[in-house]
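Report on the structure given below.
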Amino acid sequence: MLEEPTVSRNMHASLFNTLFRQSEHFIDLYEACSGFRLDKNDLKPFALDSDLIDRPFINDASHITSDKRLILMAEHLSNPKRNVAQRDLLYYTSLVQQWLTSEGKSMSRGASFDIPMPEFYIIYSGKQTFNEQYLTFGNSFLRVNAKLVDIDFDKLTDKQPSNILAGYSFFLKQMEVKQAEGETRTAAFNYAVQQCIRNSYLHGIVEKEEFMMFNQALIDFLYPTAEQLQEYALAKAKEEGVERGLEQGLEQGLEQGLEQGLEQGLERGQLKQLVFQIHRKLLKSKTREQIIDELEMDEDGIRVLDDFDSYAHLL
């Protein structure tokens, strides 16, 4: 297995994304940002598809109104990075392209039509104070104004346990308290969970075993990237190769045995990596042709795919 995870520095963003990509939770966030209360039926999730776009360019949380008039976009920020407005513009452009595809519309055709307009919000949970109310980007021709909303628990107007934003902010506050006392992020995470349960925040969420999936480190542990799998497979192959080489070295001479054992170990590691990659594609319901194309398989790889059950024990 991969190295056991601890609570990641990116946990705040992971939890934010998971909570507020759900419309019934996003309405609490939107009310704190705009002062308007929406019904969950007034909007639906509309975020960038992570299968189509590289992971670093996925926006945090966005929803489109039921009348397709507005795209409401919220980006989480825990550090004072000032390029969020620029990123918002790129996200919005990609979302419009995704909307055009979903609606079967094309800008190259002669018919005129309206596209959903954006509302930009930056949800700030850091310690440094911002003097600005908006982070902006552009000029008189094109300008992005992203409203900055500080969600520090002490500054929230609605602290009712039923408010999901209040629960999220309360959770972060409890982690901050324990980390300030010198506790590890993992210990602070567990403490925050218990405090939420005791005070009824994030009710029905933190009690679930799946809540640990909000921890980005655990997500990476359970669903490693191709690069992580390759690194792990090669390291494991080297270890197995050296062990096998030591055994063979007793009969063939140490140097020759190590060399041959390492070579065999690397081959086994590469096979494991391929099996992991195929497994992940199958979980996404990819077809045989898609898997072959996306993994650029040779004849040996196709043979493993077609007889995958025989290799499943390597997972």
Quiz item: Hey, any hits in the range 160-174 for a residue that's touching a residue at least 40 places away in the same chain (Cβ under 8 Å), assigned by TED's automatic domain parsing to the domain that holds F36 and under 16 Å from N79 (Cα atoms)?
Solution: yes
Quiz prompt | Breaking point among (1) under 23 Å from N17 (Cα atoms); (2) in a helix (DSSP H, G or I); (3) among the β-branched types (V, I, T), for T101 | solution = (1)
Quiz prompt | Residue that is nearest to A74 (Cα to Cα), among those in the range 132-141 that are outside any loop (DSSP other than H, G, I, E, B) and of a type outside the set (S, T, Y) | solution = L135
Quiz prompt | Selection within the range 31-51 - out of contact with any Leu (no Cβ under 6 Å at 6 or more places or on another chain), at pLDDT 90 or above and either loosely packed, with under 14 Cβ neighbours inside 10 Å or assigned to a helix (DSSP H, G or I) (or both) | solution = E31, C33, S34, G35, F36, R37, D39, N41, D42, K44, P45
Self-check item: K68 surrounded by 12 or more Cβ atoms within 10 Å (Cβ to Cβ), modelled with pLDDT of 85 or more and not in a helix (DSSP H, G or I)
Solution: yes
Exercise. Among what's in the range 103-135 and is more than 19 Å from D60 (Cβ to Cβ) and of a type in the set (S, T, N, Q), pick the residue that is modelled with the highest pLDDT.
Key: Q133
Quiz item: Can you tell me which residue in the range 265-315 is modelled with the lowest pLDDT, limited to those that are more than 27 Å from the chain's Cα centre (by Cα) and in a loop (DSSP other than H, G, I, E, B)?
Solution: Y311
Quiz prompt | Filtered residue count, the range 113-131, keeping only those that are assigned to a loop (DSSP other than H, G, I, E, B) and touching a strand residue (DSSP E or B) at 6+ places or on another chain (Cβ under 6 Å) | solution = 2
Practice problem: Among the residues of the range 168-210, write down those that are acidic (D, E), in a loop (DSSP other than H, G, I, E, B) and either at pLDDT 90 or above or under 23 Å from F26 (Cα atoms) (or both). | Solution: E181, E207
Practice problem: Go through the range 157-170 and give me each residue that's buried (at least 19 other Cβ atoms within 10 Å of the Cβ) and out of contact with any His (no Cβ under 9 Å at 6 or more places or on another chain). | Solution: N163, A166, S169, F170
Quiz item: What number of residues within the range 85-122 satisfy the criterion of being out of contact with any helix residue (DSSP H, G or I) (no Cβ under 9 Å at 6 or more places or on another chain) and charged (D, E, K, R)?
Solution: 4
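The values are calculated or read from the model by the stated rules, or taken from the named source; none is laboratory data. Computed from a predicted structure; not experimentally measured. We place every Cβ from the backbone using ideal geometry, glycine too, and count neighbours over all the protein chains shown.
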